[in-house]
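The values are calculated or read from the model by the stated rules, or taken from the named source; none is laboratory data. Because the structure is predicted, anything quoted here is derived from the model rather than measured. FYI the Cβ positions are ideal-geometry reconstructions off the backbone, even for glycines, and counts take in every protein chain you see. Ligands, DNA and RNA are excluded from the accessible area calculation, which covers all protein heavy atoms including side chains. Shrake-Rupley method; radii C 1.70, N 1.55, O 1.52, S 1.80 Å.
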Amino acid sequence: MDYNDGSGVGALIAFWLILAPFLFLLAVAGYVIGSWFLMKVFDKAGVQGRWRAWVPVYNSMVAAKLGDLSPWVMLGAILIAAFLGQIPVIGWILSLVGIAAWVLSGWRIGAKLGASWALLLLWLIPGVGTLIWLGILAFGSSRWNPNITPSPWRNSFLKDTTVWQGIPVQPDQAGAQAAPGVPGYGAPAEYQPPAGYTPPPAPPAGYTPPPAPSAAPAAPVPPPAAQPPVTPPPAAEPPAAQPPAAAPPATEPPTTEPPAPDAPKP
């Protein structure tokens with residue numbers, strides 16, 4: 001005799017019908033808050049267009065570029081986690097691929113904003129850990145500094161070689177994009193090619209540039225012509241000394257004698 005009248009299944013369906021809208025609202029709220037925090041981080045990094053932080057999946061690809069990770073690697077990790085993560089038994093392992101890609105790029109983004117790598121442990125908190133991590137980066141006082149130690153994967157398939165208009169080229173990316181034939185050359189940071197610019201075609205295989213023309217030897221400079229000796233002019237003789245003029249004879253003043261007194265009358 002079957003005593004199961006279906007009430008248990010109906011109660012479970014009613015529970016999920018009540019809980020599903022609540023979970024949906026939580027997911028929407030989390031996405032809005034996370035996109036807002038990510039927009040603040042993009043502003044610090046100099047990304048043009050705030051709309052990039054609100055587009056699902058694409059915002060993760062932009063964050064990967066800022067974290068020196070190829071955006072196509074990030075896209076592949078998201079697809080693997082979304083679809084292959086549903087496989088029984090091993091699906092949960094494959095779902096970690098997306099988290100691993102985010103942790104790699106998040107480590108580099110945090111380093112460029114002066115945050116310690118230990119903050120990545122916040123990702124272990126389900127649901128709110130990522131939001132706390134983004135909030136610390138978005139509202140921290142540190143400025144964006146892309147000139148940090150190059151990433152360990154800069155020479156592997158994980159490196160970023162994609163240039164998107166409006167997203168600054170990172171030094172780690174510029175070093176990987178060396179111009180052909182010019183070793184060590186790369187586009188400077190913050191450089192963006194103008195709209196409609198088409199790079200010149202690469203030289204054909206086997207092309208050898210012509211040798212540089214050798215400089216013609218300089219003509220010898222003739223020595224200066226000998227000049228005749230210059231005879232100094234004779235020294236002028238000093239004029240003969242003139243004898244001093246004779247002094248005029250001294251004249252004595254005339255002596256005057258006093259008149260004799262008159263004789264007395266008799």
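I need the full set of residues from the stretch 45-61 which are surrounded by fewer than 18 Cβ atoms within 10 Å (Cβ to Cβ) and among the charged types (D, E, K, R), in order please. Give the derivation first.
Here is the first cut: in the stretch 45-61, the residues surrounded by fewer than 18 Cβ atoms within 10 Å (Cβ to Cβ) are 46, 48-51, 54-58.
Correct list: R50 only.
Could you list, in sequence order, all residues of the stretch 62-108 that are touching a residue at least 40 places away in the same chain (Cβ under 8 Å), aliphatic (A, V, I, L, M) and open to solvent by less than 50 Å² (accessible area, probe 1.4 Å)?
V62, A63, A64, L66, L69, V73
Take the conditions modelled with pLDDT under 95 and open to solvent by less than 30 Å² (accessible area, probe 1.4 Å) and apply them to A174. Does it pass? Give the derivation first.
Working: modelled with pLDDT under 95: yes; open to solvent by less than 30 Å² (accessible area, probe 1.4 Å): yes.
So A174 fits the description; yes.
Consider the stretch 87-112. How many of its residues are among the hydroxyl-bearing types (S, T, Y) and at pLDDT below 90? Break it down into steps so the answer makes sense when it comes.
Pass one, the stretch 87-112, residues among the hydroxyl-bearing types (S, T, Y): 95, 105.
Okay, now just the ones that are also at pLDDT below 90, so 95.
Looking only at that region, the number is 1.
Sort out which residues of the stretch 49-97 are within 20 Å of L120 (Cα to Cα) and charged (D, E, K, R), and write them in order of number.
Within the stretch 49-97, K65, D68 qualify.
Name the single residue that is farthest from A53 (Cα to Cα) among those in the stretch 121-141 being within 25 Å of the chain's Cα centre (by Cα) and open to solvent by less than 50 Å² (accessible area, probe 1.4 Å). Explain how you work it out, then say what you get.
So the first thing to find is which residues in the stretch 121-141 are within 25 Å of the chain's Cα centre (by Cα), and the list is 133-141.
Pick out the ones that are also open to solvent by less than 50 Å² (accessible area, probe 1.4 Å) and you get 133-135, 137-138, 140.
Details: W133: 16, L134: 12, G135: 14, L137: 15, A138: 12, G140: 18 Å.
Among them, the one singled out is G140.
Among the candidates A138, A82, A115, which residue alone is closer than 15 Å to A63 by Cα and either modelled with pLDDT under 90 or out of contact with any Gly (no Cβ under 6 Å at 6 or more places or on another chain) (or both)?
Values: A82 fails: closer than 15 Å to A63 by Cα; A115 fails: closer than 15 Å to A63 by Cα.
Of A138, A82, A115, the one residue that is closer than 15 Å to A63 by Cα and either modelled with pLDDT under 90 or out of contact with any Gly (no Cβ under 6 Å at 6 or more places or on another chain) (or both) is A138.
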